[in-house]
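Trainee: Dropping a structure here in structure tokens format, bear with me for questions.
Just so it is clear, none of the values below were taken in a lab; they were calculated from the coordinates. Quick caveat, the model's predicted, so the values are computed rather than measured. Cβ coordinates were reconstructed from backbone atoms using ideal geometry, including for glycine residues, and neighbour counts include every protein chain displayed.
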């Protein structure tokens, strides 16, 4: 294992990437970047584990871009591939890597479910060096003949454990079978467990492992609190927390509960919106942008949002429904206390949940502050900023649609999709220039 590096200047990164890092105000690597870059830049297969928000995207992204720079992709045949479990994470990775890709003259594409399949196919045929994709949608494009992976020399699995948990291993396996057999593979995640071991044994060659954080919550900037509430008080407590100043994410177990709570909060004067897998991709993109800009102050989310959402300055995450597994707790909490910023994770617990939550915290390595609260308590206000909502119903109006020119390199898909991006509906041909079949005249 190569020694860690104290600065990006000592990595051997391309000068254009160093200049781009400087332009972004990034002077020194985070621990996961410092630990992995020497090996990944040297072309080694890498297993990287670091908590959510620790800088994994640049850890693999800088190496991927450095090793791909100077090459040009043929139509439909990308040179580097990043596989991710969700649409949100795909878009986050693309956003994070785009300024560095531009710096070294590489074209990026994002292929996920929910937007135009044909536009994605057109972007791939135009040629892209770096492809960020969910497994299902990439399979769609390969099966259509719009993409081939035989030229992919660098492959990254980001949040590999979640892809295993979501049942994507068969798809991921088929995709890894198609990339260049002598290429580099990197797996990055907050946890490396479950089915990931099978991928490692089959597809990685003499991998070097780096773990800058254990699989438990040790982030010093993050505090953890368990608030014991009476079931009859819980809704009132959640409403007061949601009415606090600043942005807040409330996690619930199902999309139906998320939708219902968002409606209740809007009726009480809280600028809330629900985010879950039942929303279309344009809806999800719009809601996230409203949350980032402050038009929405409380995001009511299911675990679809636990990975792939990065919002600067988010200092409170609330588990309205406690998660069932420790790693789900860690990923939910990872939306706050990112990049060394402070943050707080609060879990609301009713009496029948106490034993399960105690076990979960022990597994996660967390010793939370536990407090018994009521909806109007000073303790609730002290820990969360809870306050009485205005009671004046609010409506979050969607912004007027704007048809802006899209970069040819970055697009996504039409029709209903699963979470991995596999299309259910028919593709559109609007962007391809194909003529549509004329409609038959109606019979009288």
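Trainee: Please compute the contact order of segment 222-384 in relative form: average sequence separation of alpha-carbon pairs under 8 Å and at least six residues apart, divided by the residue count, as a percent.
Mentor: 35 percent
Trainee: Need one number: % antiparallel among DSSP beta bridges in segment 8-211, to the nearest 5.
Mentor: That works out to approximately 5 percent antiparallel.
Trainee: Which order, highest average first, do 200-210, 77-87 follow once you tally other Cβ atoms within 10 Å for each residue and take the mean per peptide?
Mentor: 77-87, 200-210
Trainee: Grab the alpha carbons of segment 222-384, take their convex hull, and tell me the volume per residue in Å³.
Mentor: Taking only Cα atoms, segment 222-384 has a hull volume of 106 Å³ per residue.
Trainee: Then there's this: To the nearest 0.05, how large is the calculated FRET efficiency for residue 245 and residue 23 if R₀ is 45 Å and r is the Cβ-Cβ distance?
Mentor: Efficiency for this residue pair is about 0.85.
Trainee: Then there's this: Over segment 8-211, what is the mean sequence separation of C-alpha contacts under 8 Å (at least six apart), divided by residue count, expressed as relative contact order in percent?
Mentor: Reported as a whole number, the value is 28 percent.
Trainee: Here is a further query. Within a 10 angstrom radius of the beta carbon, how do 248, 324, 173 rank from fewest other beta carbons to most?
Mentor: Going from sparsest to densest Cβ surroundings: 324, 173, 248.
Trainee: Between residue 256 and residue 144, what's the calculated FRET efficiency when r is the beta-carbon distance and R0 is 56 Å? Round to 0.05.
Mentor: 0.95
Trainee: Using only C-alpha atoms and all pairs of different ones, pull out the Kirkwood radius for segment 8-211 in Å with one decimal.
Mentor: 16.7 Å
Trainee: Taking other Cβ within 10 Å of each residue's Cβ, how do 57, 134, 11 sort, fewest first?
Mentor: In increasing order of surrounding Cβ atoms, one gets 11, 57, 134.
Trainee: Neighbouring Cβ atoms within 10 Å as the yardstick, rank 320, 130 fewest first.
Mentor: If I rank by nearby Cβ atoms, fewest first, I get 320, 130.
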